[in-house]
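Visitor: Pasting a structure here, questions to come.
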Amino acid sequence: MKERRLTPLRLSLNSLARRPVRTACLSGIVALLAFVLIGGLLLSASLRGGVESARRRLGADALIVPTGYEQSVGGALLRGEPSAFYLDGAVAGELMELEGVAEASAQLFIASFDSPHCSQKVQMIGYDADSDFVVAPWLESAAPGGPGEGEIIVGSLINGKVGGELQFFKKYYKVVGKLEPTGMGFDTSVFLNMAAARDALREYVQLGGEGVPQDGEAISSIVVNVKDGVDVEEFAKNIRLGYRDSHVSVVLPQSLVTDASRGLGALLAVVAALSSLLWVLAAGVLALLFSLSANERMREFGVYRALGATRARLTAIVLTESAVVGLVGAVAGAGLLAVVFLSFERLLSVSLDMPYLRPTFASLAPTLTAVFTVSWLAPPVASLFSALRIGRLAAHSIIREGV
Amino acid sequence: MLLEAERVSKTYKRDGAVFSAVSDASLRVGDGELVCVTGRSGSGKSTLLGIVAGLLPPTEGHVIFDGADITKLRDSRLSRLRGPQIGYIPQGHSLLASLSVIDNVRLPLYLGSRAARAGTGAAALLDKVGAGHLAAQYPAQLSGGELRRVSIARALLREPRLLIADEPTGDLDPDNAAAIFGLFEDIAREGAAILLVTHDPALVERCDRRYDMSGGELRASDVRSRQSGGVIC
Ligand SMILES: Nc1ncnc2c1ncn2[C@@H]1O[C@H](COP(=O)(O)OP(=O)(O)OP(=O)(O)O)[C@@H](O)[C@H]1O
Ligand SMILES: [Mg+2]
């Protein structure tokens, strides 16, 4: 007969295997815990990543848009809801020369019709490579020189490969660059130069697109950096007052981000509180289950004691068993989460209505490990009291029959 | 004397009142001696054996094993005696259901101190107690007498100098009880000291010496018969 070493681990596995229902219940609780904790962590980190990315990408002091579209521009930038709105060309020219403006550049938005290239509608953004200071440097890093005539640079979620072609309205465009993910509307946008954007806008109108002014010089928004010492709020207020009749308004991107991050802060606090609460609840339920089974198994542990196990050894055997339960549960929970999360991350990120950008798993490794460990250790922590009690009382229960 | 219990007492608190399970009990067991303890249920026999085995701390008194007072030892030192020095067979069944018979017998090797020598092989011990053919079975598949034999084999694994057995023939038929008792006689003949609890008059006859326990008090049996002769109750 093959001799197995009867290590604490071996003994734990034996005893867990003998009580499959109990083992499944205990591990199930830990699995649920790990699932929620790790899920909460990934969600939090991704939302935070989204807001961070927005802060980096929205590098302008002010965004001038038509009155009534202040919300839309936020939606378009932060959440990728395609929208199209237009300022009068002449007024736009005047705005760019305003007192206090250090840099200004026009952008032209066109919302594509439903497109087969992407699961969502696509936002086309025309920008002026010469004056732009917000997206131009970033686009240059994806495709040096930016998009030329008939060329586009696509956001990370657009189903086009660099070198391939995509059709918008009547025309095919060559994809010359693909951007890294931002977690924002940029991921479902395509960028083209201003001349190409004007052509696209004309086709859009010919195909029945509405709401475009007739002067042919329409633009959607102006990104502005103010001069040093100019107060942005004041600057915005002056424009709102001075150009009310021309239907011009101002959005402050940093305040968009601030709003998003304020909302996020509240959400993350809720996630953290719920996670902690769940941990405490799970540990409480586990502690209860352990203490019930401790009574039932006191004599079994008394046998170890009769055969020479010290109190400490007994405690170690109990803790080993609960650590094994915890590990099984945490691995199951993490595995299940991985499957669910990876399958539904896209759906989740779209439905969240907030900038969403998951950091790489590698960069999350330390926190993921910590959260995994916290789930894993719930049973040993919960069983600590029972383990000590068993160490103390097992000897009493073995000397009498059937107790 | 290998084992001497000197004026050992054990009290428990029950519903606020102090209850004396063992009071002022003294006993001695020498190498190669087979000593029996008899007494009614609840008289404190198991409590006394637990104290002597180092499983229960006495409230008062001393237990001298091989010249050293074990009631003064820390748990780790005391536990190290159990197995290699003191074999203890609890009352009732005490095999682990999750382990096979042979693993149950080998278990003490993995619970005690590592320095302790391995002792006799588990399979050989099972043969010795007449349970060799059961090695691969699980406790749930064994009869009461078979379980008893296996737990004796397990207590012998570390070759203890003192073997303590609490009602080792309690639930056995006379033939089986006699056979198990024969095992203890063999072990005593090999030089080990044996202290056991039994109710069986036929077996008590075969003990070298005998103590009787009543209401927590222990008396050497011959002393008791002399005294009880004069007491009318
Ligand atoms: N942990 C405890 N707390 C309170 N009372 C106890 C405890 N353990 C034992 N007792 C009491 O001590 C007395 C002696 O118990 P013990 O088990 O030693 O009796 P026993 O002689 O072995 O009986 P039996 O022949 O039925 O095994 C009993 O009255 C029992 O109720
Ligand atoms: Mg008893």
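Visitor: Quick check on my filter: what residues within the stretch A:382-403 are away from every other protein chain (no Cβ under 14 Å) and either crowded, with 16+ Cβ neighbours inside 10 Å or within 15 Å of A:R299 (Cα to Cα) (or both)?
Guide: Selection gives A:A382, A:S383, A:L384, A:S386, A:A387, A:R389.
Yes or no, residue by residue, for (1) among the aromatic types (F, W, Y); (2) touching a Leu at 6+ places or on another chain (Cβ under 8 Å):
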{"residue": "B:G50", "(1), (2)": "no, yes"}
{"residue": "B:L56", "(1), (2)": "no, no"}
{"residue": "B:E60", "(1), (2)": "no, no"}
{"residue": "B:R82", "(1), (2)": "no, yes"}
{"residue": "B:I86", "(1), (2)": "no, yes"}
{"residue": "B:I102", "(1), (2)": "no, yes"}
{"residue": "B:R106", "(1), (2)": "no, yes"}
{"residue": "B:Y110", "(1), (2)": "yes, yes"}
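Visitor: Has the stretch B:65-72 got any residue that is under 13 Å from B:A53 (Cβ atoms) and assigned to a loop (DSSP other than H, G, I, E, B)?
Guide: Among the residues of the stretch B:65-72, not one is under 13 Å from B:A53 (Cβ atoms) and assigned to a loop (DSSP other than H, G, I, E, B), which makes the answer no.
Visitor: Kindly indicate the residue of the stretch B:45-68 that is within 13 Å of ligand 1 (Cβ to nearest atom) and free of Cβ contacts under 8 Å to residues at least 24 places away in the same chain and also nearest to B:K13 (Cα to Cα) among those meeting that condition.
Guide: For the stretch B:45-68, the residue satisfying everything is B:P57.
Visitor: Do we find a residue being within 16 Å of ligand 2 (Cβ to nearest atom) and among the β-branched types (V, I, T) anywhere in the stretch B:59-73?
Guide: There is no residue in the stretch B:59-73 that is within 16 Å of ligand 2 (Cβ to nearest atom) and among the β-branched types (V, I, T).
Visitor: Quick test for you: out of B:L48, B:L107, pick the one residue that is facing chain A (nearest Cβ under 10 Å) and within 16 Å of ligand 2 (Cβ to nearest atom).
Guide: B:L48
Visitor: From the list A:G333, A:G302, which one is in the same structural domain as A:N14 (by TED's automatic domain parsing), away from ligand 1 (no atom under 16 Å from the Cβ), part of a helix (DSSP H, G or I) and surrounded by 22 or more Cβ atoms within 10 Å (Cβ to Cβ)?
Guide: Unique residue meeting the criteria: A:G333.
Visitor: To continue, here is another question. From the set of residues in the stretch B:26-44 that are away from chain A (no Cβ under 14 Å), within 11 Å of ligand 1 (Cβ to nearest atom) and buried (at least 20 other Cβ atoms within 10 Å of the Cβ), which is nearest to B:A193 (Cα to Cα)?
Guide: If we take residues in the stretch B:26-44 being away from chain A (no Cβ under 14 Å), within 11 Å of ligand 1 (Cβ to nearest atom) and buried (at least 20 other Cβ atoms within 10 Å of the Cβ), then B:T38 is nearest to B:A193 (Cα to Cα).
Visitor: Here's a follow-up. Take residues that are in the same structural domain as A:R346 (by TED's automatic domain parsing) and not acidic (D, E) and tell me which of the strands (runs of 3 or more DSSP E) falling wholly in the stretch A:135-179 contain 1 or more.
Guide: Answer list for the stretch A:135-179: none.
Visitor: Let me ask something else. If you take the residues in the stretch A:355-391 that are in a loop (DSSP other than H, G, I, E, B) and within 22 Å of the chain's Cα centre (by Cα), which one is modelled with the lowest pLDDT?
Guide: Only one residue fits best here, namely A:P355.
Visitor: Among (1) touching a Gly at 6+ places or on another chain (Cβ under 7 Å); (2) away from chain B (no Cβ under 14 Å); (3) surrounded by fewer than 18 Cβ atoms within 10 Å (Cβ to Cβ); (4) of a type outside the set (G, A, S), there is one condition A:P379 misses while meeting the rest; what is its number?
Guide: (3)
Visitor: I've got another one for you. B:S94 fails exactly one of the following numbered conditions: (1) more than 8 Å from chain A (Cβ to nearest Cβ); (2) on the phi < 0 side of the Ramachandran plot; (3) within 16 Å of ligand 2 (Cβ to nearest atom); (4) within 17 Å of the chain's Cα centre (by Cα). What is the number of that condition?
Guide: In the conditions (1) more than 8 Å from chain A (Cβ to nearest Cβ); (2) on the phi < 0 side of the Ramachandran plot; (3) within 16 Å of ligand 2 (Cβ to nearest atom); (4) within 17 Å of the chain's Cα centre (by Cα), B:S94 misses (1) alone.
Visitor: Given (1) within 16 Å of ligand 1 (Cβ to nearest atom); (2) surrounded by fewer than 21 Cβ atoms within 10 Å (Cβ to Cβ), identify the lone condition not met by B:I164.
Guide: (2)
Visitor: For the stretch B:11-25, name all the residues that are more than 8 Å from ligand 1 (Cβ to nearest atom) and over 17 Å from the mean Cα position of the chain (by Cα).
Guide: Within the stretch B:11-25, B:T11, B:D15, B:G16, B:A17, B:V18, B:S20, B:S23, B:D24 qualify.
Visitor: All but one of (1) away from ligand 2 (no atom under 16 Å from the Cβ); (2) facing another protein chain (nearest Cβ under 10 Å) hold for B:E4, so report the exception by its number.
Guide: (2)
Visitor: Can you pull out every residue in the stretch A:226-249 that is part of a strand (DSSP E or B) and at pLDDT below 90?
Guide: A:V248, A:S249
Visitor: What are the residues in the stretch A:1-38 that are surrounded by fewer than 21 Cβ atoms within 10 Å (Cβ to Cβ) and among the β-branched types (V, I, T), if any?
Guide: A:T7, A:V21, A:T23, A:V36
The values are calculated or read from the model by the stated rules, or taken from the named source; none is laboratory data. If you're wondering where the values come from, they're calculated on a predicted model, not measured in any experiment. Cβ sites come from the backbone with ideal geometry, for glycine too, and all protein chains shown count toward neighbours.
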